[in-house]
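Participant: Structure incoming, see below.
The values are calculated or read from the model by the stated rules, or taken from the named source; none is laboratory data. Computed from a predicted structure; not experimentally measured. Glycine gets a Cβ as well: all are built from the backbone with ideal geometry, and neighbour counts include every protein chain shown. Areas reflect the complete protein model, heavy atoms only, side chains present, ligands, DNA and RNA absent. Shrake-Rupley method; radii C 1.70, N 1.55, O 1.52, S 1.80 Å.
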Amino acid sequence: MAYSRDGAGLHRFTDTADGETYLALHAGLDNAQRVFAAFDQPDLKAAMTATVVAPDSWTVLGNGVARPAGPARPRGCLRWDLAATPPISSYLFTLVAGPYHSVRGEHRGIPFGLHSRRSLAGALDRDAAEILAVTRACFDRYLEIFAEPYPFDSYDQAFVPELEAGAVENPGCITFRDEFLFPYAVTQAERQTRGMVIAHEMAHMWFGDLVTMAWWDDVWLSESFATYMGFQVLSEATAFTGAWTDFALSRKPRGYDADQRTSTHPVAPGPQEVPDTDAARSAYDEISYAKGASVLRQLVAWTGWPAFITGINDYLARYRFASATLDDLLDCLARSSGADLREWAARWLRTPGVDTLTVPSSGAGILTHAGSRPHQVWLGVYDQVPGDAYGLVLRARIPVSVEADADQVTLPSAAADPPPALLLPNDGDFGYAKVRLDPRSWAALTSGLGRLPDPLSRAVAWNTVRDLVRDAELPAEDYLELAARHLLTETETVITGPVLGFARWTIADRYLPPPRREATLGDLAGLCHTLLRRAAGPDASGMRLTAARGVIDSASRPDEVAELRSWLQAGAVPGGPDLDSRLRWQIMLRLAVLGAVGQAEIEAEADRDTTATGQQSAARCRAALPGPGAKQAAWAEMFGPDQSRYLLAGIAEGFWPADQADLLADYVPRYFTALGDLAARGDPATARMLVRHGFPLHAVAPATLRAGEDCLTHAELPASLHRLLADQLDDLRRALQVRSGAA
Ligand SMILES: [Zn+2]
């Protein structure tokens, strides 16, 4: 079988930095049959092994421990024998081979390995201690939680090039996209995300690998659990104690958004809804990850941790090295909790949608409920700090149980007497619901949001504001005003980053009418400058980095362009951070969008940074140049013959800056025609990538919507592509509604 360049099957990559070649096998969902003959179905499991012949300078890894077994032909090659695995599904089989750089160790008698391509060896070595510490701590915690021992013979974590997924849970040999190694400065939030992914993939050794869903309709059995356990175990076992705040702002909103699109579906849809692997691809969505994990967090709030984990251990013991369904899990949880979970599951797992919890007025003493799910949440009761108009202090968090069909709940008197300044439903974020505040609470929140003591409360508050904007109940400008006021005191980059990101890319580019965009970018750049000025001291490097990135992304005026140029020249942002390859490319991209650099400067930068990431960044910058020639060339590549999907993603991401709306006007209708053609040519994977990374997000206009709907109706799109495009059009429809509200 041929090697692939698109990440499916046995992917082959040659490093532009040093000419070395690396292979990594990605067998999911149904690509095992691109490598060996297989009945490619998750409930069919077998012991797997392999013999690999590779150049003798290479390292070979697989699910079972790989051992060199002597010279092999052709000359200069070595044969490797891989130990047989316990029974596993074909989609979890992997091989990793190449001149990998390795850091090896052992923990509790299990060989642990970290691996990267040679050009990233420095980045791996620098962080190996941190990665291994997180790995060991999570491993120990899982062994405490689960009665089943670790099921495989080794634990390798290979950072491989051009992986399409973030990471893949191959038993004993996890593959990560090698963007999780950082040859540049990152924030604590980004390190935490890497830690979370390590914990997530490790959870899969039990959820997904030891016990596997019988069919793809139960993807959530794998992904919701791994997502939930990943955040939970990371926050319990490592120094990343704020992981749930990150979940609240970076992950959970994607679940709420997905659940409000027309394509939403139950967390557990049932086999008839997922007839084939193309449909299964769509099941790997934010309903399965973000909503599913939120629902599990809500389940634990309901049953309590001990009953939950007893049921889980029963489930793992009964179905070890086999497969299971939703019903199997519910039976185990029902036995352990003594509760009938059928009704709960019917509401939470078998029906889609988001409920809303509202405090109608601070004196009424009730919480109203729109929807059909039972909720177990906390109500945060806050008082004004005496003598401080903006300060808020927590009086109590009151547990509130909402019956599935109840329209309202009476609150205990502690929530009303004396009258509090702010009542915050879902404080602590154990629930999954929209939240609406009474006028008095809203006033307290707008003046005191940034002063809420617990970062999780602030995250719930920011989600509420975001949600009001998306539902056109609050002018988009108000979000910007709140950001300008409350980010000044924010200490957590996991909050500052997502709030700035929503303001920049959703509000400025999509929700505000174009004439207001320029002033908004000026305001955002001003805010980020202020954040940069205020962030000082040894703990401020993450906030300075976040602020500097914000300055770069919003720069538009000539003085701001001159400032970015001066940073490039100096090699640093005054006062830090120093410019590394990532910041340099981010500046180059913004300057390219604005037409402040040309082809020659991009090529010079690409000569400086010959890594694969550098080449991708250069492609993104070229596509972002505002000349008609640059656009034509980028377009030809996007819809041209096959090439690395990573490069293509870069080009697609650079093509449509909102700053170039006039130049791009003709390309918008052409985009939809070209997508249909691409699907007809039998390349839906590239078409999916171009919808994910190359959709004209800025073109918020009825004509764009009509062209998109026309494509949905008339082009013959496979289900997974149809779904992605329909989702983009849903978001566009919402942006149009928000804009008409603004008008
Ligand atoms: Zn996963």
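Participant: Not counting ligands, DNA or RNA, and with a 1.4 Å probe, what is Asp276's accessible surface area in Å² rounded to the nearest 10?
Facilitator: For Asp276, the solvent-accessible surface is approximately 70 Å².
Participant: State, as an integer percentage, the relative contact order of the stretch 3-84 based on alpha-carbon contacts under 8 Å between residues 6 or more apart.
Facilitator: 20
Participant: For Arg670 and Ala572 in the same chain, what is the full-extension length gain: residue separation times 0.36 nm, less their Cα-Cα distance, in nm?
Facilitator: That works out to 31.2 nm of additional length.
Participant: List the extent of the Cα atoms of the stretch 572-631 along each of their three principal axes, largest first, rounded to whole Å.
Facilitator: Cα extents, longest axis first: 38, 24, 14 Å.
Participant: Using R₀ = 22 Å, calculate the FRET efficiency as 1/(1 + (r/R₀)^6) where r is the Cβ-Cβ separation of Ala147 and Ala47; round to 0.05.
Facilitator: Plugging the Cβ-Cβ distance into 1/(1 + (r/R0)^6) gives 0.40.
Participant: Let me ask you something else. How large, in Å, is the stretch 198-315 by the Kirkwood hydrodynamic radius built from its alpha-carbon pairs?
Facilitator: For the stretch 198-315, the Kirkwood estimate is 14.7 Å.
Participant: Also, quick follow-up: Can you tell me the FRET efficiency between Arg73 and Tyr3 if r is taken as the Cβ-Cβ distance and R0 is 35 Å, rounded to the nearest 0.05?
Facilitator: Calculated value: 0.95.
Participant: Further, regarding this structure: First compute the accessible area of the stretch 432-574 with a 1.4 Å probe, then give the percent of it belonging to carbon and sulfur atoms.
Facilitator: Using a 1.4 Å probe with all protein chains present, the stretch 432-574 comes out at 55 percent carbon and sulfur.
Participant: Compute the convex hull volume of the Cα atoms of the stretch 1-125, divide it by the residue count, and report the result per residue in Å³ as a whole number.
Facilitator: Once divided by residue count, the hull of the stretch 1-125 is 128 Å³.
Participant: What percentage of all Cα-Cα pairs in the stretch 26-65 are separated by more than 16 Å?
Facilitator: 49
Participant: If you don't mind, there's one more thing I want to ask. For the stretch 256-316, what class follows from the C-alpha gyration tensor (a ≥ b ≥ c being the square roots of its eigenvalues): rounded when a/c is under 1.5, otherwise prolate if a/b is larger than b/c, else oblate?
Facilitator: oblate
Participant: Taking N as the number of residues in the stretch 146-185, what is its Cα Rg relative to 2.2 N^0.38 Å?
Facilitator: Output field value: 1.41.
Participant: Over the Cα atoms of the stretch 437-482, Rg to Rh with Kirkwood Rh, two decimal places?
Facilitator: On the way: Rg = 10.2 Å, Rh = 10.8 Å.
Dividing the radius of gyration by the Kirkwood radius yields 0.94.
Participant: Another question about this same structure. Could you check how many percent of all C-alpha pairs in the stretch 605-727 are farther apart than 25 Å?
Facilitator: Of the Cα pairs, 22 percent sit more than 25 Å apart.
Participant: Percentage of Cα-Cα pair distances in the stretch 60-158 greater than 21 Å, rounded to whole percent?
Facilitator: Every Cα pair in the stretch 60-158 considered, those over 21 Å come to 44 percent.
Participant: Still on this model: Tally Lys and Arg at +1 and Asp and Glu at -1 over the other residues with C-beta under 11 Å from the C-beta of Thr245: what net charge comes out?
Facilitator: -1
Participant: Also: With no solvent and one point per C-alpha, what does the Debye sum give as log10 I(q)/I(0) for the stretch 122-266 at q = 0.17 Å⁻¹?
Facilitator: Taking Cα atoms of the stretch 122-266 as identical point scatterers yields -1.03.
Participant: Between Ala443 and Thr351, 0.36 nm times their residue separation minus their Cα-Cα distance comes to what?
Facilitator: Fully extending the segment from Ala443 to Thr351 adds 29.6 nm.
Participant: Relative contact order for the stretch 1-157: what is it in percent, counting Cα pairs under 8 Å that are at least 6 residues apart?
Facilitator: Once normalised by length, the contact order is 21 percent.
Participant: Mean separation of Cα pairs under 8 Å and 6+ residues apart, divided by the residue count of the chain: what relative contact order is that in percent? Can you show the working numbers first?
Facilitator: Values: 1325 pairs, mean separation 66.7, N = 743.
Relative contact order, the chain: 9 percent.
Participant: If I compute solvent accessible area with a 1.4 Å probe over the protein chains, what percent of it on the stretch 1-59 is carbon and sulfur?
Facilitator: Answer for the stretch 1-59: carbon and sulfur cover 53 percent of the accessible area.
Participant: A follow-up question, please. Which net charge results when you count Lys and Arg as +1 and Asp and Glu as -1 among the other residues whose beta-carbon is under 9 Å from that of Trp585?
Facilitator: Net charge around Trp585: +1.
Participant: Next question. With N set to the number of residues, divide the alpha-carbon radius of gyration of the stretch 256-394 by 2.2 N^0.38 Å and report two decimals.
Facilitator: 1.32
Participant: Output ³J(HN,Hα) for the stretch 463-477: one whole-Hz value per residue in order, computed from phi by the Karplus curve 6.51 cos²θ - 1.76 cosθ + 1.60 with θ = phi - 60°, and x for Gly and Pro.
Facilitator: 5, 5, 5, 4, 5, 4, 5, 4, 8, 6, 9, 9, x, 4, 4
Participant: Let me check the size of the chain from its C-alpha atoms; what are the radius of gyration and Dmax in Å?
Facilitator: Every Cα atom of the chain included, Rg and Dmax give 25.9, 85 Å.
Participant: Tell me, what is the per residue accessible area of the chain in Å², probe radius 1.4 Å? The partial results should precede the final answer.
Facilitator: Values: 27650 Å² over 743 residues.
Accessible area per residue: 37 Å².
Participant: Please count, across the chain, the pairs of lysine residues with Cα atoms under 30 Å apart that sit 8 or more places apart or on different chains. All intermediate terms of the calculation are to be shown ahead of the outcome.
Facilitator: Working: Lys45/Lys291; Lys252/Lys291; Lys252/Lys434; Lys291/Lys434.
Number of lysine pairs found: 4.
Participant: Based on the alpha-carbon set only, what is the convex hull volume of the stretch 369-432 divided per residue, in Å³?
Facilitator: 86
Participant: For the stretch 589-743, what % of the accessible area comes from carbon and sulfur atoms, probe 1.4 Å?
Facilitator: Accessible surface attributable to carbon and sulfur in the stretch 589-743 totals 53 percent.
Participant: Measure off 7 Å from each Cα along the Cα-to-Cβ vector at Asp140 and Ala414, then give the distance between these two points in nanometres to one decimal.
Facilitator: A separation of 3.5 nm, rounded to one decimal place.
Participant: Over all distinct Cα pairs, what is the inverse of the mean 1/r for the stretch 515-585, reported as the Kirkwood hydrodynamic radius in Å?
Facilitator: Its Kirkwood hydrodynamic radius stands at 12.4 Å.
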